[in-house]
Amino acid sequence: MEKRRFGRTGHMSTVAIFGAYAFLKATQAEVDAVMEGVISAGVNHIDVAPSYGEAEACLGPWLGRERDRFFLGCKTLERSKEGAAAEMRESLDRLQVDNIDLYQFHQVDRIEQVNQITEPGGALEAVLEARDKSLTRYIGITGHVPATLSYALDCFEFDSVLFPYNFIQASEPGYQNAFLELMGKCRTRDIGVMIIKSVTKGPWGKQTPTHNTWYEPFLNREEIQRCVNFVLSQDITGICTAGDSGLLPPFLEACENYTRLEAVEQESLVRSAAGVYEPMFFSHREPEGLDQEFV
């Protein structure tokens, strides 16, 4: 599987980054089977969070044995110094590790949340202290509003960003413009970029969800390949795998078989989405349901 430099961290991450939200409700036996597949595929980067159910505890036995195999990213929803420090300690214990490679402020979608994190007494102070103690090496930020993340990059030198992107999102002009502005800053400042929601088809709406994803995903292998090809054709490091473990095999296969799309092919794909699919996010309003986990 192709590897790409993860910004200034210098880590060569596989283009598929394992999203441990897939372990939200998994048994240890299911976790073991998935992790064997992840290792077999050569994936070397994991993204997890304490809000992902029992994912941290389920990963613990694996990281206790295989820590050197993975670049480990974790997250916090805490915004205060005290809260972030406590949550990091708990994550280290559950993950059975001495340190985390990348610690990210999770789901930061509002300007006031950025200010809360970076102000005196905010969560950033705790993570900077943790970095001084070698409990983490790098600091990142995640969210669903590119404009907010762009603002955050002007407040602090984050090492990475994580946010949604796919060919349907690219068809929403405002979102696409905000994406390009954010990507320009990341490129100039050598910031690693991770993408989520790459195989999103649209909101579930009134449908009963059939998969462990906040959105309705594309399911056909050809469609998944098309989605992966589009996102990996951007100047990013990699894409987090979907939150449903059943989608992992075709997702990893698509990453292994990635073929770069030329600009004209990308433009054609974006045009095909207009009026057919509904974007999940818009530049002019915050995502609905911010109290939910977006994966």
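Scaling the Cα radius of gyration of the stretch 75-123 by the globular reference 2.2 N^0.38 Å produces a ratio of 1.17. Largest GNM mean-square fluctuation across ALA152, ALA49, ALA29, computed for the chain with C-alpha springs under 10 Å, falls on ALA29.
Ordered from largest to smallest accessible area (heavy atoms of protein chains, 1.4 Å probe), the residues THR188, THR213 come out as THR188, THR213.
For the stretch 34-105, the per residue solvent-accessible surface stands at 37 Å², with DNA, RNA and ligands left out and a 1.4 Å probe. Distance between the C-alpha centres of the stretch 110-158 and the stretch 53-68: 25 Å, rounded to the whole angstrom. Against the criterion of solvent-accessible heavy-atom surface with a 1.4 angstrom probe, GLU129, GLU172 sort, most first, into GLU129, GLU172.
In plain terms, if you count all Cα to Cα distances in the stretch 37-142 and split them into 5 Å steps from zero, the share in each step is 2, 13, 25, 24, 18, 10, 5, 2, 0 percent. The share of accessible area on the stretch 167-268 that comes from carbon and sulfur is 47 percent, using a 1.4 angstrom probe. Using C-alpha pairs below 8 Å separated by at least 6 residues, the relative contact order for the chain is 19 percent.
Going down the table (LYS25/LYS133; LYS25/LYS81; LYS3/LYS75), which pairs top 26 Å between alpha carbons? The answer is LYS25/LYS133; LYS25/LYS81. State the answer as a single residue: which of VAL193, SER171, THR142 lies farthest towards the positive end of the charge dipole of the stretch 111-222, with beta carbon charges of +1 for Lys and Arg and -1 for Asp and Glu, about the Cα centre. Working it through, the farthest residue towards the positive pole turns out to be SER171. Placing dummy labels 7 Å off each Cα toward the beta-carbon, the span from TRP204 to PHE282 is 2.2 nm. Listed values (1) 2.27; (2) 0.93; (3) 1.00 include one computed from this model; for Cα Rg over 2.2 N^0.38 Å that value carries the label (2). Report the antiparallel proportion of the DSSP beta bridges in the stretch 1-120 as a percent, rounded to a multiple of 5. Counting DSSP beta bridges with both partners in the stretch 1-120, the antiparallel share is about 25 percent. Estimate the FRET efficiency between ARG271 and ARG110 by the formula 1/(1 + (r/R0)^6), using the beta-carbon distance for r and 35 Å for R0, to the nearest 0.05. Given R0 = 35 Å and the Cβ-Cβ separation, E is 0.65.
Candidates GLY19, GLY64, GLY7 compared by Cα position along the dipole of the stretch 1-128: farthest toward the positive end lies GLY7, with charges placed on Cβ. Annotation: the antiparallel percentage among DSSP beta bridges lying fully within the stretch 124-229 is about 25.
Solvent-accessible surface (1.4 Å probe) assigned to MET183 amounts to roughly 10 Å².
Just the number, please: percent antiparallel of the DSSP beta bridges in the chain, rounded to the nearest 5. Counting DSSP beta bridges with both partners in the chain, the antiparallel share is about 25 percent. THR259 contributes about 80 Å² of solvent-accessible surface, heavy atoms of the protein only, 1.4 Å probe.
Extension gain for ARG8 to THR188 (0.36 nm times residue separation, less C-alpha to C-alpha distance): 63.7 nm.
For the residues ARG221, ARG4, a 1.4 Å probe over the protein chains yields an accessible-area ranking, largest first, of ARG221, ARG4. In this view, the solvent-accessible surface of SER91, computed with a 1.4 Å probe and all protein chains in place, comes to about 0 Å².
Can you give the calculated 222 nm mean residue ellipticity of the chain, where each DSSP H run of n ≥ 4 adds -39,500 (n - 2.57) and the sum is split over every residue, rounded to the nearest 500 deg cm²/dmol? Dividing the helical sum by the residues of the chain leaves -12000 deg cm²/dmol. The distance linking the stretch 212-270 with the stretch 1-29 is 15 Å (Cα centroid to Cα centroid, whole angstrom).
The values are calculated or read from the model by the stated rules, or taken from the named source; none is laboratory data. Just so it is clear, the model here is predicted, and its values are computed rather than measured. Neighbour counts run over all protein chains shown; Cβ positions are idealised from the backbone, glycine included. To get the accessible areas, we keep the full protein, side chains included, count just its heavy atoms, and leave off ligands, DNA and RNA. Shrake-Rupley method; radii C 1.70, N 1.55, O 1.52, S 1.80 Å.
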